[in-house]
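Worksheet: the structure to be examined is printed underneath.
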């Protein structure tokens, strides 16, 4: 038990035994810790602003419990000290699959298999070994029985009332008068590893119950972010600043990237899904969508690939592929080299690009058209943004002439600026 925890326990005990004297001291300590929390948050933002841009270190995000697939073995990192918030090194490699989490398996035995606590392994964990390697233990039988009763009550409460954030649970009245010390940052605590994977750190009972009850969304807060993940965020933000309106085309599904603005919602995806004929096969994605379509169609029996020449975008696609669970293959070669080495047939090709700004983009466009003329395509989907040097008719005729697909169909009109076309035989 650390010094802060000892102090909190002493304050709580003093408050219970001396309510009239202890109350102002207890509330004063709460105000002090909240002020300290606020100042630390400002300090972290200022400290890392130039390195990593705008980031909220203590923001509560909502995620699916299924996104948490690992837990951190090294408990030394559970500390809210400032220098722990962004960490280099191999600490994120000391993780295991969360299905191996001791408390999760014991709670499954109790709640899903209807075993009594006496039949679970956790019931035998006495005396405490907290100073050793095993943290799933109790000091004595009384502590064990009290803890197991609290787990039962928590499970019943979440099952009947749903999962609520600490902000929702902690009303002003409770904050002022509840005897039990309630930490400010008492949500489920996670870390982010070098590849953007979410790692569980603290809140073992709640994460276990959320998974057992198949809760859709839970509130979490990030304690540690790996330095390599922060480097990726910096690269991504730099890329976004080079884009029109400083926005991504599509949202990236990651809780630490949810604040990044994007232009299009899922309406384009839904239109394409509605007009796709094959229900499996090979899919090629080209353009500025950063794997958005491959992420979806890889779960629908498609083998997805992405062609990209840009070094910075290949790096972004590589990192996003870890987040998306290896949803696609990245083709890093030039189109010419790729074409000469492989004879490829694609059932679906999706092109999202605006090759109109510079001569470089124009040359790239003709390189792409040349590539498309040499491969076999069943259905080609083009997302055209109306700021091209080509008119819609000229743009689509270029693709029609470069492929064997002669049937052109407009399938979507997004705000009269973005048009969706389908080419097929």
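The values are calculated or read from the model by the stated rules, or taken from the named source; none is laboratory data. Worth saying up front: this structure is predicted, and the values here are computed from it rather than measured. As a convention, Cβ positions derive from the backbone with ideal geometry for all residues, glycine included, and neighbour counts pool all protein chains shown.
Is it true that residue 96 is under 21 Å from residue 192 (Cα atoms), under 24 Å from the mean Cα position of the chain (by Cα), at pLDDT 90 or above and not in a helix (DSSP H, G or I)? Judged against the criteria, residue 96 is a match. If you go through segment 161-206 and pick out every residue that is out of contact with any strand residue (DSSP E or B) (no Cβ under 7 Å at 6 or more places or on another chain) and either modelled with pLDDT of 95 or more or within 30 Å of residue 326 (Cα to Cα) (or both), you end up with 3. Checked against the criteria, residue 276 counts as in contact with a strand residue (DSSP E or B) (Cβ under 7 Å, 6 or more places away or on another chain) and under 16 Å from residue 351 (Cα atoms). Restricted to segment 247-260, and to residues there that are over 21 Å from residue 231 (Cβ atoms) and surrounded by fewer than 19 Cβ atoms within 10 Å (Cβ to Cβ), the residue that is modelled with the lowest pLDDT is 247.
Scanning segment 265-295 for residues being surrounded by 19 or more Cβ atoms within 10 Å (Cβ to Cβ) and either within 20 Å of residue 64 (Cβ to Cβ) or not assigned by TED's automatic domain parsing to the domain that holds residue 383 (or both) gives a total of 3. Considering only residues in segment 51-60 that are in contact with a strand residue (DSSP E or B) (Cβ under 8 Å, 6 or more places away or on another chain) and over 17 Å from residue 226 (Cβ atoms), the one that is modelled with the lowest pLDDT turns out to be 58.
Does residue 48 meet the test of being modelled with pLDDT under 80 and surrounded by 14 or more Cβ atoms within 10 Å (Cβ to Cβ)?
Numbers: modelled with pLDDT under 80: no; surrounded by 14 or more Cβ atoms within 10 Å (Cβ to Cβ): yes.
So residue 48 does not fit the description; no.
Among the criteria (1) modelled with pLDDT of 90 or more; (2) under 20 Å from residue 402 (Cβ atoms); (3) crowded, with 19+ Cβ neighbours inside 10 Å, the one residue 327 does not fulfil is (2). Number of residues in segment 262-281 that are assigned to a helix (DSSP H, G or I), within 19 Å of residue 377 (Cα to Cα) and in contact with a helix residue (DSSP H, G or I) (Cβ under 9 Å, 6 or more places away or on another chain) equals 2. Only a single criterion out of (1) over 25 Å from residue 93 (Cα atoms); (2) under 19 Å from the mean Cα position of the chain (by Cα); (3) assigned by TED's automatic domain parsing to the domain that holds residue 156 is not satisfied by residue 221, namely (1).
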